[in-house]
Structures are given as C-alpha cells and as structure tokens.
Amino acid sequence: MSEQPLVHATNLVKVYQDGSYVPVRALGGVDFRVEAGEFTAIAGPSGSGKTTLLNLIGSLDAPTEGRIEVAGQDLSLLTRKGRADFRLNNLGFIFQSHNLIPVLTAAENAEFSLLLQGVPTGERRRRVLSEFADLGIEEGLTRRRPAKLSGGQQQRVAIARALVSRPKLILADEPTASLDSKTGARLLDKMRDLNERTGITFLFSTHDPMVIDRARRLVVLRDGLIASDETRN
Amino acid sequence: MIFVKIAWRSIWRNPRRSWVLISAVAVGVFAFIGVVAYLDGMSMQLVKSAVELQGGHIQVAGHGYFENPAVRTQVRQMPQVATILKDASASDVRYASQIRAAGMISSAEHSAGIAIVGVDPVQEQQVSPVPSLVTEGGWLTDDPAAGEVILGAALAEQLGVRLRERIVLMVSDLDGAVNSGAYRIRGLFTTSSRAFERSTVLLHQEEVRTLVGFARDAVSTVAVNIDPGQEVLAVAATLRAALVGMDVEVLTWMDRSPMLVMMDRMMNLVNVILVVILFSAIGFTLINSFIMVIFERIREIGIMAAGGVRPGQVRLLLFLEAAFIVVVGAAVGIAMAAALITWWSEVGLDLSSFAEGLSRFGAGAVIYPRVVLENMVTGFVMIFVMVFLAVLYPAIKASRFKVVDAMNHV
Amino acid sequence: MLRLVKLAWRDIWRNRRRTLLTTGAVFFAVVVISLANSVQFGTYDAMEQSVVRLTTSELQVQHPRFHEERTLEHSLQEKALDIDELRLAHPWIVAASRRLTGFGLVSSDSASAGALIMGVDPVHEPTVAGLLRLDSEETTLTANRPQSVLLGAVMARNLGVIPGDSVVVLTQGYHNVMGAEVYAVQGLVRTGTPQMDRATMVTTLTAAQDLFSMPGRYTELVLRTDRHTTAREHAMRLESTLATEEAAVLPWQVLMPDLDQMRRLDDASNAIFYVFLLLLIGFEIFNTTAMSMMERVREFGVMMAMGLKPSLISGLVAMELAMKVLLGIGAGIVVTAGVVAILAGEPIALSQDMRELYDDFGFVVDGLYFTSRPSIYALPVVAVSIMSLLSMGFPILKMRSFAPVKALRAA
C-alpha cells in the first residue's frame, strides 16, 4: 500500500444553483481522506450531502470549490473522456436500484467494463463466472435479463460488475435501500468479506443501520459538514 | 461489438418507443415516396398528353414550316423519310405523317375556322392519343374514300351537329382556289384541351391530299414518338443528321412549344416547393420523435456513463440505434409505398373524383405514379441526413449531460 | 372546472419540453399548410385575374343561348340594355363595352384561313380587356376608318400579308345572308395566345355589324368588375335585375372553362399532396400525445391514489391537449400572418428566363404571389383540430382501464 491516501479531498464545497431557485450549499468545505483498504460508511440525514460527496469522489460531478485526488489523480485535470476512462479503470459503482443495462443479460452486464477495457473473451467469461460463483449467483441466472431477476439478484450482479474489473475503489450509494433486510445483510457480509480478502476499498453512503453496523469507519455528515468521524473495529 | 448488441437490443426492449420511431420513419418514407411518385407521374402525364396531342415528341416538317406553316411547305419524299426514320433509330421509332391545312368547317347553321389534319388512320394510332380519346362513334377506318371525319366534341357542340351528321370543309388548295367537300361525322373525341378540341378536324390523309392538291408522296408533318427511356434531344440530333438532304427540319416539342416548356418548368418549380414543404414536415417529425425518445433514456445513459462509457461511445450508441431504426423504418415504409404504388399503377388516380367538372379531362385526369430512381435516391439521402441531424442534437446533449443529472433524470 | 383549467395550465408549463413537442407539431402543421395555401391561392388568383382581364373580362351579358351555340341569331339588341343604367345600378362594374363576334374566311392573294371576326367598340374595348393592345398608332381602330382591320400576327404571316395589304372576308351573316367585303390591313395584334393570333381578325363594331348585316345588334356586352373572385355572385345579382329576359350574365368561369378547370385540376392534384402531408402531421400529433401519456403513467397513479376520478384525469389530459393545440394553432396563425404580410406585398420573382417566357406569352404573372385572405387558415385549423380530437381518444380510452397500483410501480 502506498503512502498516499486513496481519496484525498480538501475543502470541498458544492453549491447547487438550479435556475432561479435559491442556491443550496450541499457541502460546505469538507476535508476528507480515505486510505486504501477501508470499509467506510458516510451517514447522515437526507440532504446532509452524503450522496454529493460520493458523486464528487466518483467524478460524476464537479465541486464548486476545493480539490479531489483519487488514486493520485487530480480529478479537476481530467477531460470528460478522461473521467470516463478513469472511472472505467479505477472505480466501481453500485447504486440504489436500476444498476444494470436493461438490454444486456446478467453475464453481459457483469462483463461490460471488462469489454470496454478490451479484456479477451475467454478471460472475461472466466472472471465473470468466478465472480458469480463467489457471490452465489446461480448458473441459471447468467443468461437472464435484469427484468427477470429479483432485486437482490440484480444488486448481486451489480456488485459482480463493480468487482470484476478489480477497481481500486467501490462507491456504493444506498446499495441496500431497495432490498429486504435479510438479503441486504447477506450482501453486506459478502462485501465486507471481499474487502478483507482482496483489499478493495468500499465507500458507502447510507442511513441503513445494517450498513453503519458493519462499517469499520463511520463518517457522519450534517448540513454539508463532517459532524463526526470514528474508526472502530 | 458490444454497442451494436446494445443498440439492437435497446430497439426491441421497449417496442412502444421503437415503434414510435420506426413508424415515424416509415410514415415519412411512405409519404415521401407517395408524393414524389405522384408528382413525377403527374408532371409526366400532363406534359406527355399535351406533347402527344400537339404532334409528338419530335416533329419532322418541310424546311421553314415551323416559322410559317404554309401548305406549300412540305415533306416531299415521305417514303424516303420513312425509310430513314426506321433505319436511323436503333429501337422502335413510332411515327405518323399528316397533311395539315387551315380551313373552315360548316354545318347547316354555323361555321368555324379549324385546322384540317389528314392522317394515316393506322400510323396515327401508334403516335397520337386522339384515337383513344374518341368517346362517341369510332376512329377512322383505313378507307381513303370513306368520306368520314373525326372532330372534337366541343366543336360539334359549337356547330350544333351530332354523330353521323354531315359537315362541309372549305379549304384553299395549293393554287389558291377554294375547294370544299362534304363529310359524315364518324367519331367525336374529348381531350383535356378545349382549344384543341375546338380547332381540330381529322380525316383520312388521302382525302385531304385530293382536297388540297398535295403530290402523291408529300405530307406536311411527321410526328415521331420515342420510348420513355430515350433522350428526346439525342434522338432528334440523330434524325437531323440522317435526314440531311431531304430539305426538312427536325424539331423537338421543346422547340415547338415554349408554352409547354414553361408549363413543365412551372410545374417542376411548384413540385420543388411541395417537396420542400413535405420534407420539412418529415424532418420535423423525425427530429421531434428522436428528441422525445432519447430524452426518455437519459437515466440509462447515466448508468453507462458512471460505469466508464465515454461520451463518444454514448453518441456512437445513439447513432447505431438510429441507424437500425432508419433501416427498419425505411423497409417498412418502402413496403407500404410499394404496395400503394403497385395498386395505384393498376387503378390510376382519377382526379376528377376529387373535384367537380373534371370528368371531361377523361384519361387526362387519371394520374399514374411514376418512380424516378434518381428522385427516390435523393429523397432517401435527405431522410438519412435528417435522421442524422435529428439524432445529433440529443446525442451531443446526452453525451454532455452531467452524469449526476442524468441519473436523477426521470 | 375552473380548478381543472388551472391545473391543466400549470401542467403544460411544468414540462415545457413535452408541451413544446405537441405544440410545435401543431404550430408547424398550421404554418406549413397555411403558407402552402397562401402561395397556391395567391398565385392562382393572380394568374386568373391576369388571364381574365386579358380576354373575357369578369362578366359578359349574352343572349341566353349564345354560349352554347355561337350563332349570330343569338345576338342582342343594342337598345335593349342601357349601359349607363347598368353601371349606375351596379357600382362594382368598372367598365363596359360591346362586342360582335362571328366567323368568316379571310383570304389574301395566296392563301386563306378561317378566322374569328371580332367587332369591338374602339373607345371602350381597351377599358374592359387587355387582349387587343390597341395602344399604338398602327393598331388604333377608329370609327372613321371603317374598312380597316387588325389581323392576328401569326395569321397575317400565314396569309402572307403585311399592314397596308388588303384581304377579302367571306361570311355567313345574320339570317344566313352571305357577306363579302374587302378590308385594308391596318395593323397586327399579338394577343399572347398563339391559337388566337393564328385565327383572329378585329374590326370596329359598326364595320362588323355591316359585314354580318345586323345593324344595331351585338353578341357580347363585356363587363369589367372590381374583383374576379366574386364573378359568380355578381353574375347572379346582375341577372336578377336585368330588364330583359333575352339576356344571360355569364361569369368568366363559364366563359373560360379551361382556365377554371385547370385550377380545379391543380386543386385536386394538391389535395393528394395534402392527404400525405396531413397523414404525416396527424401521425405526429397522435404520437406526441400518446408518448406524453405514457410518460406520465406514474403521475396519474399518484393522482388516483389521492382519489382523483379517472374521468377527471382524462378530462385533465384532454384539457391539456386542447390548450397545447390551441396554443399551437394561435402561434401558427400569428407567425403565418406575419410572414404573409411581408410576402403579400411583393411577389417572389421567378427566374429570368421564366419571366421571358411569360413575356412572350403575355402572362402578367411573373412570380409567386402570397395571399393573406383568412381562408388560407381553414384547412390547417380544421384538419389539425380533427386530428387532435382523434388523438384525445387514446388517453381517454387508456384511462378507462387504468390500475393505480400498476401505474405507481411503473416508473
């Protein structure tokens, strides 16, 4: 592991100014670091800025002020295309729902990033299948389209997709929100297990107690500022 | 390639959405083929019938006849000219000779100035539309002494005469003496041109020859019709070269009737305007539909972008989808248009059923569609370009959308 | 009800893109069809007017049977109709002139040809029709040179005569009296119509009356009115007030059926074009309506969950559609009216060689004319309204079988 933090954000400010509405200050100057290998949850009430923070780290949106480096890369220096490539090679995303491309089968969805990376067919197949096996996705499901999968199955495929390209960082925005608690718990255990085995960093935004319980570090945001930051075991 | 796969499947995933687009393209293609085939058919029909009525695509006549159509100006060696006409043209040239003179027609009560046209009843049927436009009675028989004439229904009405009644023709012969003869009306014709109907009397060439005093082998004009595939100017040039030494001139309908050329051009101009209007409507529909549909998919695009799909790849995907849509839509549109045109070519489109008072146009008001390949290709190119433009704006917009906004888009 | 209107109004502004799609389609349809109508009506009107004023003029008073049977027996008595009285009673008559039209054989030394012989009032004829360009010295007919005639230019050439030569005219006159007269060719006329130039002889009314042995009689009273478009109405009004039973009033449409039919043929032909165009536009309106309906399934689900009746929701949708369509129609009319106002003053000139051709044939129409008369909006407004009403059927039917739970789940 390098000396440098995986995520290094300094003085992040994000102001949403949408048309004629009153500007909303979603982040009010946040300093935030994530070391490689962390399993961290960002919690806080609705509107506290946790999704905004995650989006900024994921290069899905640009900050109004401040600077973010992810894996040693200053995100503000990247072009639109550069950001796409950066996400492809370094990040994995898991969203609340509708994570998958509806027209591709489970297996095709999972291998999508590998395909964009130009990984040969044989290896793609092998890696996807091993990932599926690891996540307990049955063989019979690989050829199904997302619409024919349950919510839990869809999220597992989404995790497989995020993991299969071995990203440095996985950003998960409320990954359990659309799942029942039993399924959610199983998935979280799986993710934590993966984190321990592979060292992939996980960063969650959530207010689900199940996630908060399992996180090894808990950052609480309130009104766009970090209210508390505790690391536990 | 994964994007081809995604594009193709995306089209079929949401059939409603795809059918909106496919049907937009199909209706556009259908309307464009229908309108263009109709307009091409119509201008062809109107010009063709007018040209054929007025003496064929190409006319051969004695030198100076067009400047001054005097009876003295003649084609003096018709048999030789006929031989040359047959030899000079590789394909089947149809021709008919006429003896023309200005004269007067009288019934018991009325008289009128007319053009007397002496025709070969057999040849004339291959060249002129008049034989087929005889609506009462019949066409001339090939009997040089039958003493029968064909005249326009409007002229008969004006003279107050009916079928099988007698009329008198008066004409001055080559020596200036006024000759006359009595004839029985064998048939009446109706055309789209009332002026032609009022001013033309047809009878057997040999009777006019005697009446006006033409020599055995002499005629006034020879009408030549060519096949649709042939170029009028090229055939005329060939004939002109072949007929050197016969003391004749060869003119195309464009030389003879600048009025028709003007009509033709006027019609083309109007057609261009109509086609521009139609295409702007098609373009609008396409742009409208594509914008509508692409904006529906923004969230999906956002997910892909989050996963590392580049903006260029997003555009590629949208263009691929559009390409599939256009191909399927165009195929459907062509199939529909082909069915329409096949049926339409059978039955024709009788304009007189759309408006009162057109029945007297007879066959002249029945329009058959005509597929001009060149115009069709141009149309398709335009449709492709318009779809490209229709996709360009939303595609650029979609690829530039902030991923966050895209994902939150409903 | 008012609340529904308010709600619908807010809705259409809430999602502007969706509103723009339907309103834009309607707007576009109205603009395109009205403009097409405008140029079509305008150019045809201009062409008709120029031809009408060149030849027949708007109206003619004739013997009731003259039009069908052009014989001199069907002529009128000069005394029977007083022109000044007519003009006093009908101020829309701008000018009037008598003509006597018959047929005869015109011969020169070398040739002869049948001709239409027109006897015209040398003073008034130029005020009713531009056919005879009687404006130059050599073509000015005057009553004091009764033995002079004008010949159609092509006819003179065919007969081999030039001004100054003489021609012999043979006629079968009134009551079948044969007439024969020698005339001096004073000048040539170019009417713009080759058929007429080939077979027309013009002389004064009195000379023609002598030739046909019918003093005091004539065949046509030519009336120039202020507008050619109302000729039919004018003809009916005039005929009902005529003192004599022995006269009919014919509008130019009857006098020149070819011209009228040309327009009808063209109208019929354009109808085909409009069928395709409306098919396209109707499809577009239906499509945008159906699409925005589908897009809003979830929203309707919420409304239903809140207790709105399906009939109210379909009413809302219909109201919104009506508003969008009316907005589109209104905007379309405003924009078209503006464009037409600019274009109506000046015709769009046709290309130069086209104009030369027009000159050769005496047509006054030299470009595309736009008319601003309100009837250009009739077809687009009616057609678009009907198509919108049909499109409304879709959401209303859809609402009938609407399940809120399903709608809420769809998104």
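The values are calculated or read from the model by the stated rules, or taken from the named source; none is laboratory data. Since the structure is predicted, the reported quantities are computational estimates derived from the model, not experimental observations. Virtual Cβ from ideal backbone geometry, glycine too; neighbours counted across all protein chains shown.
For the stretch B:264-290, the tally of residues that are among the aromatic types (Phe, Trp, Tyr) and more than 7 Å from chain C (Cβ to nearest Cβ) stands at 2. Scanning the stretch A:160-167 for any residue that is over 27 Å from residue A:111 (Cβ atoms) and at pLDDT below 90 turns up nothing.
The criterion of at least 1 residues that are within 14 Å of chain B (Cβ to nearest Cβ) and under 25 Å from residue A:154 (Cα atoms) is met by the following strands (runs of 3 or more DSSP E) wholly inside the stretch A:22-98: A:91-94. Farther than 25 Å from residue C:152 by Cα and within 26 Å of the chain's Cα centre (by Cα) - does that describe any residue in the stretch C:47-60? No, that holds for no residue. With a requirement of 1 or more residues that are farther than 18 Å from residue B:222 by Cα and more than 33 Å from the chain's Cα centre (by Cα), the strands (runs of 3 or more DSSP E) lying completely within the stretch B:70-178 that satisfy it span B:94-106, B:111-119, B:148-152, B:166-172.
Of all residues in the stretch B:35-57, none are outside any helix (DSSP H, G or I) and over 21 Å from residue B:239 (Cα atoms). Selection within the stretch A:6-21: residues that are more than 19 Å from the chain's Cα centre (by Cα) and part of a loop (DSSP other than H, G, I, E, B). The member of this set that is modelled with the lowest pLDDT is A:20.
In the stretch C:244-262, of all residues being closer than 27 Å to residue C:53 by Cβ and of a type in the set (D, E, K, R), the one that is nearest to the other protein chains (Cβ to nearest Cβ) corresponds to C:258. Within the stretch A:9-45, being without any contact (Cβ under 8 Å) to a residue 12 or more places away in the chain and under 23 Å from residue B:302 (Cβ atoms) holds for A:16, A:17, A:18, A:19, A:21, A:24. Within the stretch C:65-91, the residues that satisfy the criterion of being surrounded by 14 or more Cβ atoms within 10 Å (Cβ to Cβ) and part of a loop (DSSP other than H, G, I, E, B) are C:66, C:67, C:69, C:70, C:71, C:72, C:73, C:74, C:75, C:81, C:90. Exactly one residue out of A:165, A:178, A:150 is crowded, with 21+ Cβ neighbours inside 10 Å and among the hydroxyl-bearing types (Ser, Thr, Tyr): that is A:165. On inspection, residue C:61 passes the criterion of being in contact (Cβ under 8 Å) with a residue 12 or more places away in the chain and surrounded by 15 or more Cβ atoms within 10 Å (Cβ to Cβ).
Only one entry of C:200, C:241, C:225 meets the criterion of being within 14 Å of another protein chain (Cβ to nearest Cβ), touching a residue at least 60 places away in the same chain (Cβ under 8 Å), touching a helix residue (DSSP H, G or I) at 6+ places or on another chain (Cβ under 7 Å) and within 30 Å of residue C:82 (Cβ to Cβ), and that entry is C:200.
Within the stretch A:94-125, the set of residues being among the basic types (Lys, Arg) and surrounded by fewer than 17 Cβ atoms within 10 Å (Cβ to Cβ) comprises A:125 only. Within the stretch B:268-279, being modelled with pLDDT under 75 and either more than 15 Å from the chain's Cα centre (by Cα) or crowded, with 18+ Cβ neighbours inside 10 Å (or both) holds for one residue alone: B:270.
For the stretch C:284-313, what are the residues that are under 24 Å from residue C:328 (Cβ atoms), out of contact with any Pro (no Cβ under 8 Å at 6 or more places or on another chain) and not hydrophobic (A, V, I, L, M, F, W, C)? Once the filter is applied, which keeps residues that are under 24 Å from residue C:328 (Cβ atoms), out of contact with any Pro (no Cβ under 8 Å at 6 or more places or on another chain) and not hydrophobic (A, V, I, L, M, F, W, C), the stretch C:284-313 yields C:284, C:287, C:288, C:292, C:295, C:296, C:299. Among the residues of the stretch C:1-60, the ones that are modelled with pLDDT under 85, farther than 21 Å from residue C:295 by Cβ and acidic (Asp, Glu) come to 2 in all. Being away from chain A (no Cβ under 14 Å) and either among the hydroxyl-bearing types (Ser, Thr, Tyr) or assigned to a helix (DSSP H, G or I) (or both) is not true of residue B:7. Regarding residue B:237, is this residue free of Cβ contacts under 8 Å to residues at least 40 places away in the same chain, more than 7 Å from every other protein chain (Cβ to nearest Cβ) and either surrounded by fewer than 20 Cβ atoms within 10 Å (Cβ to Cβ) or within 30 Å of residue A:54 (Cβ to Cβ) (or both)? Against the criterion (free of Cβ contacts under 8 Å to residues at least 40 places away in the same chain, more than 7 Å from every other protein chain (Cβ to nearest Cβ) and either surrounded by fewer than 20 Cβ atoms within 10 Å (Cβ to Cβ) or within 30 Å of residue A:54 (Cβ to Cβ) (or both)), residue B:237 qualifies.
Residue C:292 falls short on exactly one of the conditions (1) assigned to a helix (DSSP H, G or I); (2) away from chain B (no Cβ under 14 Å); (3) polar (S, T, N, Q); (4) in contact (Cβ under 8 Å) with a residue 24 or more places away in the chain, and that condition is (2).
Residue-by-condition table, conditions (1) of a type in the set (A, V, I, L, M); (2) in contact with a Gly (Cβ under 8 Å, 6 or more places away or on another chain):
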| residue | (1), (2) |
| --- | --- |
| A:156 | no, yes |
| A:165 | no, yes |
| A:172 | yes, no |
| A:198 | no, no |
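Taking the criterion of being of a type outside the set (Phe, Trp, Tyr) and more than 7 Å from chain B (Cβ to nearest Cβ), the residues of the stretch C:263-287 that qualify are C:263, C:266, C:270, C:275, C:278, C:282, C:285.
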